[in-house]
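Quick one: the structure is below, and I'll ask about it shortly.
The values are calculated or read from the model by the stated rules, or taken from the named source; none is laboratory data. This structure is a prediction, so every number in the text was calculated from the model and none was measured. A quick note on method: Cβ atoms are made from the backbone with ideal geometry, for glycine too, and the neighbour counts reach across all protein chains shown. Ligands, DNA and RNA are excluded from the accessible area calculation, which covers all protein heavy atoms including side chains. Shrake-Rupley method; radii C 1.70, N 1.55, O 1.52, S 1.80 Å.
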Amino acid sequence: MSQAPAFDRRAAAAAADAKLGEALRFTTGRLQAGRAAALAELPDADALRDHARRVRAHTLRHLGRYLDQFAVQVEALGGTVHWATTAADAVAVVVEIATRRAARLVVKSKSMLSEEIELNHALEQAGIRVVETDLGEFIVQLARDRPSHIITPIVHWTREDVAVLFRQRLGAAEQDVADIPAMTAFARRLLRREFLAADIGVSGVNFGVASTGSIVTVTNEGNGRLTTTTPPLHVALMGIERIVPTVDDLEVMLRLLARSATGQKLSVYTNIVTGPRRDGEVDGPRELHVVLVDNGRSTLLAGELAEILYCIRCGACLNICPVYQRVGGHTYDSVYPGPLGSVLTPGLHGLAAAPDLPQASTLCGACRDVCPVRIDIPRMLVALRTSSVQQGLGPGWIRLGVKAHAWLASRPRAYRAALRAVGVASAPLARQGWMARLPWPLSGWTAHRDFPAPARRPFSALWAERRRAR
Ligand code: SF4
């Protein structure tokens, strides 16, 4: 994790950025509308989501068995499986494969896991050039930026920003950046040369099918297919939770993934790789390596945050989240932003690495409502907040406040007296039941919205009065 300023300072800067706000509103609004329309067309959407949740729960309960089955199938097809406990192990495997082949150029399709383990940096340190081939990731790499959404990495960029970048960094002519199709065609011409020259293609994995040993990548650009088929060697990076038992289970996930992500029935390319090139075939990689990455997932699976591993990375929870919509992905300072990341990042790396993220939510529950596998993100955020207080990681004033409340709540007389005192003391600040300004530390709240004024007579007093009157 970087030493960037804390979430609230980054959030304030992002919320004040009008251009970012406009870009976020446009893209998240479009994706939300697409999702709603696509799911409304499905006659069995709710039942399908329930079924998908059961499949994910079952798979993770029997993860060891399905991973073993998957590994046996991949190796029976001629592939090689590597087990990586940590990010460093996973990176070492890929670097070793690349250096053994004296690779000079790696092309990559989009993989959040490769961001999580910081693969590009390690390959570059080993003298290997890495080219991102997903258009958004290509732009991010060119600009030395970071993705800010798990589906649309350049949600924070405008068309004009990309045109300037292409002119400055790639020498694009005016006709190359005249509109989005021209820019796409320009990038495609550049990338095609890289695909043909690459020694290795590195891809992520949306799903691994245990019964067949297949690797499934879901993309909207042909780059995923070119990455996994054109270079002579394919390395697939797969988080251990990305397994599904059978092709039937895969179908359930595919019916939900694109609909929840972009509103498409299916993404443009659903690429299913089952083993490397076979004897007699004329194309496809001669070598296939699947790197199964744990990096904290086993520990997560054993705890109260295990449910976050059901995630199929659709991004719907980001698009609906009122916090993400206002501040965008960079504010989370995490590979996985939004509600998903607010659980997954502390889950994988520990609360101390991301103490702010569980607070970055209104707990409105919208993320749970749109999640195709009905992950109860708010429940886990509350659990993380509890752990944060227990571990002494929250702000000092919250810890003191919780202690003071616990002390008062166990002393009814003192509690009632305190409530009456707050009601009387706050009366001069209240207007029509609301307070517009509060002193620090509550001023953070009233900087953006009013606070309901405490009742002058607390509920306990009214209740006692009513009982006496009976
Ligand atoms: S948590 Fe649910 S809504 Fe969010 S990305 Fe994962 S599957 Fe999609």
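Could you name every one of the helices (runs of 4 or more DSSP H) located completely within segment 90-183 that has at least 2 residues being more than 21 Å from Arg313 (Cβ to Cβ)?
By residue number, 119-125, 159-170.
Contact list please: Cβ distance under 6 Å, first residue in segment 384-406 and in contact (Cβ under 8 Å) with a residue 40 or more places away in the chain, second residue of a type outside the set (D, E, K, R) and not in a helix (DSSP H, G or I), pairs at least six apart or on different chains.
Pairs that qualify, where the first residue is in contact (Cβ under 8 Å) with a residue 40 or more places away in the chain and the partner is of a type outside the set (D, E, K, R) and not in a helix (DSSP H, G or I), are Leu393/Pro355; Trp397/Pro441.
Could you list, in sequence order, the residues of segment 409-457 that are among the hydrophobic types (A, V, I, L, M, F, W, C) and outside any helix (DSSP H, G or I)?
Ala430, Trp434, Met435, Ala436, Leu438, Trp440, Leu442, Ala447, Phe451, Ala453, Ala455 - these are the residues of segment 409-457 that are among the hydrophobic types (A, V, I, L, M, F, W, C) and outside any helix (DSSP H, G or I).
What is the number of the single condition among (1) open to solvent by less than 60 Å² (accessible area, probe 1.4 Å); (2) out of contact with any Phe, Trp or Tyr (no Cβ under 6 Å at 6 or more places or on another chain) that Arg413 does not meet?
Of (1) open to solvent by less than 60 Å² (accessible area, probe 1.4 Å); (2) out of contact with any Phe, Trp or Tyr (no Cβ under 6 Å at 6 or more places or on another chain), only one is false for Arg413: (1).
Next question. For segment 233-325, give me every one of the strands (runs of 3 or more DSSP E) that falls completely inside it and has 3 or more residues that are more than 16 Å from the ligand (Cβ to nearest atom) and open to solvent by 10 Å² or more (accessible area, probe 1.4 Å).
Fully inside segment 233-325 and qualifying: 269-273.
Out of segment 20-37, which residues are aliphatic (A, V, I, L, M) and surrounded by fewer than 12 Cβ atoms within 10 Å (Cβ to Cβ)?
Result: Ala37, single match.
For segment 326-367, which residues satisfy the criterion of being touching a Cys at 6+ places or on another chain (Cβ under 9 Å), within 13 Å of the ligand (Cβ to nearest atom) and either over 23 Å from Ala52 (Cβ atoms) or among the basic types (Lys, Arg) (or both)?
Ser361
Please tell me if Thr184 is out of contact with any strand residue (DSSP E or B) (no Cβ under 8 Å at 6 or more places or on another chain), among the hydroxyl-bearing types (Ser, Thr, Tyr) and either closer than 26 Å to Val327 by Cβ or open to solvent by 60 Å² or more (accessible area, probe 1.4 Å) (or both).
No; evaluated as a whole, the condition is false for this residue.
Can I ask one more? Condition check: open to solvent by 30 Å² or more (accessible area, probe 1.4 Å), in a helix (DSSP H, G or I) and either closer than 21 Å to Ala6 by Cα or assigned by TED's automatic domain parsing to the domain that holds Ala258 (or both). Does Leu381 satisfy that?
no
If you don't mind, there's one more thing I want to ask. Looking for something small (Gly, Ala, Ser) and within 14 Å of the ligand (Cβ to nearest atom) - is there at least one such residue anywhere in segment 370-392?
No, segment 370-392 contains no residue that is small (Gly, Ala, Ser) and within 14 Å of the ligand (Cβ to nearest atom).
Tell me, please, whether a residue that is out of contact with any strand residue (DSSP E or B) (no Cβ under 7 Å at 6 or more places or on another chain), modelled with pLDDT of 95 or more, closer than 21 Å to Ile150 by Cβ and assigned by TED's automatic domain parsing to the domain that holds Ala92 can be found in segment 239-249.
yes
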